[in-house]
Amino acid sequence: MLQNYNFFVTGHKGFETALFHEIRDIVSAVDDESKKIKKVYGGIELTGSIELAYRVCIYSRLANRVYMPLKTFRADNEEALYQAVYDIDWSSHLSSRHSLSVSATLSRSDINHSHYASLKVKDAIVDYFRNTVNSRPIIEKQRPDLHIHLNINKNNATLSLDLSGQSLHLRGYRLQHSGAPLKENLAAALLVQAGWNRESAKTHSLLDPMCGSGTFAIEAAMVVANIPPGLDREYFGFLRWLQHDKKCWEKCLSEAEEGIDEQAECEIFASDSSDKAIQISRDNAMRAGVEEMIQFKQMDIQQLTPDCVNKPPIIIFNPPYGERLQVEQGLAPLYAQMGKVLREFSHASVHIISANPDLLHRLRLNRTAKKSVNNGQIECVFASFEVAQQALNDEKPVIDQKTTTDQKTVIDQKTTNDQIWGTAEKSTKPKHPVIDPDDPEANALKNRLVKNNKHLSRWAKRNDISCYRLYDADLPEFAFALDKYTNALNPDQAWYHLQEYQAPKTIDPEKAEQRIQLAQLVVKNLFEVDEKALFCKLKQRQRGAFQYEKQDKQGDFFEVSEGTARLLVNLTDYMDTGLFLDHRITRQMVLQSAKDKRVLNLFCYTGSVSVQAALGGAANVTSADMSGTYINWAKENFELNGLVDEKKYQFLQVDCIDLLNRPAENEMVDKFDLIFLDPPSFSNSKKMRDTLDIQRDHEQLVMQSMQLLYKKGKLIFSTNKKGFKLSPALLNQFIVTDITHQTVSEDFKRRPKMHLCWEIKVK
């Protein structure tokens, strides 16, 4: 029996009916006989399983917040408020290690200060933990683990968890804006009012002639492509809630992603007089994953003609407001000019959100509906019109192009952020050199990175993965690998590691250099990467040299995480960073099977496999490598994770080939339950007694490693040598299972043979 909760969903005033229908459709997919939905003043009441709230957070285009009431009570004074909050069993919702924030809204309350009411709620929760566990949660205003909201109306109080955490209008795609943009969920509500949906998109086009940040066009495209607006959000208020159902949440996310229609087609045209606004719109659309569904064009509304679309249009836009322009005299002729242009569109429907309703008559269109709305703090009307075949009256006042441009310029000047993709104004120095937006190679790379990032960031978020591969020579002309490493100490900071593959001899070296420079610019602009956060290296095939050649001497280490493990990476000094991302799943396999086992990690490199084995509860972990640098690195990784027991964790600086040939001489008389063997493909290091060629030598290495296994133990053998073939002798002598497919994670599926991997046991 699923546990039932009560929820309260808020939206924009005046759109409660639309919100009700939307939520009803969203929760209809949940098999919950107890679910109930009801439209009330200020929002929607919803009862049912936690899955209902999860789905609203993912799919709702119109909602503001999703609250889960914890308690309703009388709050006639501050003492009653404090006691009612204190009496809640807070240990079922958060721990003393969590962070917390409290907000309050009051209406006709004897407690007449919202900040004071918030403090009393906070004090009650803090005192509860102090008195029960002798510790307290911290107060965090930005992205707390739990956000508590208090509402008091006529002394009737409701205390709720804010499951949304922050307003649901924040989709994540609009990092930039132009002028005074509409909130995303208000734009979505106005599109519903205008009749735009997946069905109408088959027979109609959508046109926004003053697109600004592109919100109308982007939200319209997301509707057609069935892209859930909450899918790319990184933060919700329930993710650290103690009753959070992670499996249910991951199921909801997976279903949402599967439901996206990547083949969706529609006709959406968005224009603006400002080239800066157009570039902002393109960038926002790119982040939303709908750039290819929208035609953007820099043009003044006077240049707009019916032939810009092929279907009967739904025209919707947000013209300049007198309040934000601080200029009234230009608006009247602007509205007259807008009307002149719009009357050319026979059989169109026109929808305008305006803060100047007294000017709407200057459009000279037949109004069919009008609705009061608030755009932020600005009182507006949303007016709808129908356009019949009309003759223009040239005697009516017309605004000239200069005036229109001037009005829009005032809006443009509001935008102060440097624009990515080379869109900053000439007077503003951009963060990075400008890239020609018409460069086909740059755009091809940008689009591929956007596509990869959109998919992989969702996957990484669902699976709590902080370091992953974003790109690996997906486009032949851009032969490089790009990895993202998130700072374990500051999750909002990330480093990007770009490894260029050596270009074939048939490629002009100068052209190859130009392309890698272009790639660096694209990465910097697209991900807004600071110079100090992008590390670039030339990756050449290793011939006749040890795999891990030194590249630099900076010695800078960065701390990242993998599951519960903390690991050090070096992004400057070596071709490889100290963490092979393609073996993420393999390391998890070791962690899951290491409990109470004796583990040997041969050619241990920086000891990441060893750390996972130790964290998995291994009875003993031995790490062996001939490099003192990597043995010390491995020791530091162990210390970073609090693994400092010298009796349990041993480190051997030794030639692993020599060790396997003479185990007794190298203190290797004991046997092991689990051995991890991942040698370099080739090495002729001076420290080695013999050269290593993995194709030639692997049979002997595996045979010798198997001699160190207990009878019921297992060896995990891996190599990344291209074209490698496993010796048939091993298949005949041992139980060999190819686990390559099981060890290839989502970010390496584009190169499934990045490594080969086998599990080998004694028959």
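The values are calculated or read from the model by the stated rules, or taken from the named source; none is laboratory data. For clarity, every value in this text was computed on a predicted model and none was experimentally measured. Quick reminder, even Gly has a Cβ in these numbers, built from the backbone with ideal geometry, and neighbours come from all protein chains shown.
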Residues located in segment 9-57, provided they are of a type in the set (A, V, I, L, M) and assigned to a loop (DSSP other than H, G, I, E, B): 29, 30
Within segment 101-115, tally of residues that are assigned to a helix (DSSP H, G or I) and exposed (fewer than 14 other Cβ atoms within 10 Å of the Cβ): 1
Of all residues in segment 513-530 being under 17 Å from residue 473 (Cβ atoms) and of a type in the set (Val, Ile, Thr), the one that is surrounded by the fewest Cβ atoms within 10 Å (Cβ to Cβ): 516
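To keep it simple, each residue is scored yes or no on (1) out of contact with any helix residue (DSSP H, G or I) (no Cβ under 7 Å at 6 or more places or on another chain); (2) small (Gly, Ala, Ser); (3) in the same structural domain as residue 54 (by TED's automatic domain parsing).
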residue	(1), (2), (3)
102	no, no, yes
109	yes, yes, yes
114	yes, yes, yes
131	yes, no, yes
148	no, no, yes
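Would you pick out the residues in segment 567-604 that are among the aliphatic types (A, V, I, L, M) and touching a Gly at 6+ places or on another chain (Cβ under 8 Å)?
Taking segment 567-604 first, the residues among the aliphatic types (A, V, I, L, M) are 567-569, 571, 575, 579, 581, 585, 589-591, 594, 599-600, 602.
Across segment 567-604, the qualifying residues are 567, 568, 569, 590, 591, 594.
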Looking only at segment 151-178, and only at residues there that are touching a Ser or Thr at 6+ places or on another chain (Cβ under 9 Å), at pLDDT below 90 and farther than 16 Å from residue 61 by Cα, the one that is surrounded by the most Cβ atoms within 10 Å (Cβ to Cβ): 178
Residue check for residue 79: assigned to a helix (DSSP H, G or I), among the charged types (D, E, K, R) and surrounded by 18 or more Cβ atoms within 10 Å (Cβ to Cβ): no
Count of residues meeting criterion [surrounded by fewer than 20 Cβ atoms within 10 Å (Cβ to Cβ) and modelled with pLDDT of 95 or more] in segment 567-581: 1
Tally of residues being of a type outside the set (Asp, Glu) and buried (at least 19 other Cβ atoms within 10 Å of the Cβ) across segment 11-36: 8
Contacts under 8 angstrom Cβ, first residue in segment 631-651 being more than 19 Å from residue 603 (Cα to Cα), partner of a type in the set (Ser, Thr, Tyr) and not in a helix (DSSP H, G or I), 6 or more apart: 643/649
